[in-house]
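Derivation of every value follows stated rules applied to the coordinates shown; laboratory data play no part. Since we're looking at a predicted model, the values are computed, not measured. Cβ coordinates were reconstructed from backbone atoms using ideal geometry, including for glycine residues, and neighbour counts include every protein chain displayed.
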Ligand code: AP5
């Protein structure tokens, strides 16, 4: 069964991770974030982590081969059997084609591809104000979704700021999105899977639009 196989695409800092977590809570499906997987590899100091650290810090995309391998392995785990929410993958046409092949092999079909739309003018503020809980991965924003304490999250956990969440790296990240990821909009629109969701507004307003768009 593949009732809940979904993808989130959208520019960096659009709110994909935030909204993917909320949707996963409703669907009971796992969030599969290639960005989180790569950051975990970096924190663990694995060979993969060392290989991608510099590329990520510069705001460039890591190779298709690396992320396709990660996603293949992740989607084969039991918790993804009845659905998944992919966040940050695919990000290039070759990644989308590889996912099509993988799903075909698994006898599954995509249900929705959510495009979270946020204008570039709002992206810098969203990205530079982001903080992430060290243990829970909870995403905060200093202004729009503030943590309970100035420098600590829920339960007193430390707040981390990503090395690529700087004004200098936002430009290259937006450029990578425009050049390599934006072509996916037409790719999925042609397949009748694209659901455009306006990502401007409060977190709850965006969630309400998202849930309506995917019918949950
Ligand atoms: P990744 O981690 O995927 O980063 P991204 O796509 O740039 O997206 P972000 O995680 O920055 O943002 P988001 O849209 O999830 O926003 P969030 O919800 O956190 O990738 C990082 C790097 O890994 C890439 O640059 C690349 O190097 C590599 N990589 C990953 N996947 C890859 C792939 N498939 N191929 C190749 N390379 C890959 O929200 C942002 C902030 O805004 C938060 O503070 C949040 O609280 C706030 N916010 C959210 N919604 C709202 C709202 N409605 N109003 C106000 N603030 C809001």
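Among DSSP beta bridges whose residues both lie in the chain, state the antiparallel percentage, nearest 5.
Working: 7 of 24 bridges.
Percent antiparallel among DSSP bridges in the chain is about 30.
Compare 124, 85, 200 in a GNM of the chain, Cα atoms joined below 10 Å, and give the one with the largest fluctuation.
200
Report, in whole Å, the centroid distance computed from the Cα atoms of region 145-206 and region 73-111.
So the separation of the two Cα centres works out to 20 Å.
What percent do you get for the relative contact order of the chain when only Cα pairs under 8 Å and 6+ apart count? Present the calculation step by step, with values, prior to reporting the outcome.
Numbers: 321 pairs, mean separation 63.8, N = 216.
About 30 percent, as a whole number.
Over the chain, with a Gaussian network built from C-alpha contacts below 10 Å, which listed residue (175, 186, 98) shows the highest mean-square fluctuation?
Between 175, 186, 98, it is 186 that shows the largest mean-square fluctuation.
Checking the a/c ratio against 1.5 first, then a/b against b/c, what shape does the Cα gyration tensor give for region 19-103?
Numbers: a/c = 1.81, a/b = 1.43, b/c = 1.26.
Prolate.
Over 24 Å apart: what share of the alpha carbon pairs of the chain falls there, rounded to a whole percent? Before the final figure, lay out the partial values.
Working: 9524 of 23220 pairs.
For the chain, the fraction of Cα-Cα distances above 24 Å is 41 percent.
Take the Cβ-Cβ distance between residue 213 and residue 134 as r, set R0 to 45 Å, and report the resulting FRET efficiency rounded to the nearest 0.05. Mind dumping the intermediate values first?
Numbers: r = 32 Å, r/R0 = 0.72.
Given R0 = 45 Å and the Cβ-Cβ separation, E is 0.90.
Can you tell me how region 172-216 classifies by the Cα gyration tensor, rounded, prolate or oblate, using a/c under 1.5 as the rounded cut? Kindly include the intermediate steps, with their values, before the conclusion.
On the way: a/c = 4.26, a/b = 1.36, b/c = 3.13.
Oblate, because a/c is 1.5 or more while a/b does not exceed b/c.
Determine, for 52, 114, the number of other Cβ atoms within 10 Å of each Cβ, and report the residues in order from fewest to most. List each step's numbers first, then the result.
Values: 52 21, 114 27.
Ranked by crowding around the Cβ, least crowded first: 52, 114.
Going by C-beta contacts inside 10 Å, put 123, 93 in order with the fewest on the left.
Values: 123 18, 93 15.
Neighbour counts put them in this order, fewest first: 93, 123.
Set the Förster distance to 30 Å, then compute FRET efficiency between residue 179 and residue 81 from the Cβ-Cβ distance, nearest 0.05. Don't skip to the answer; put the middle values down first.
Working: r = 35 Å, r/R0 = 1.16.
It comes out at approximately 0.30.
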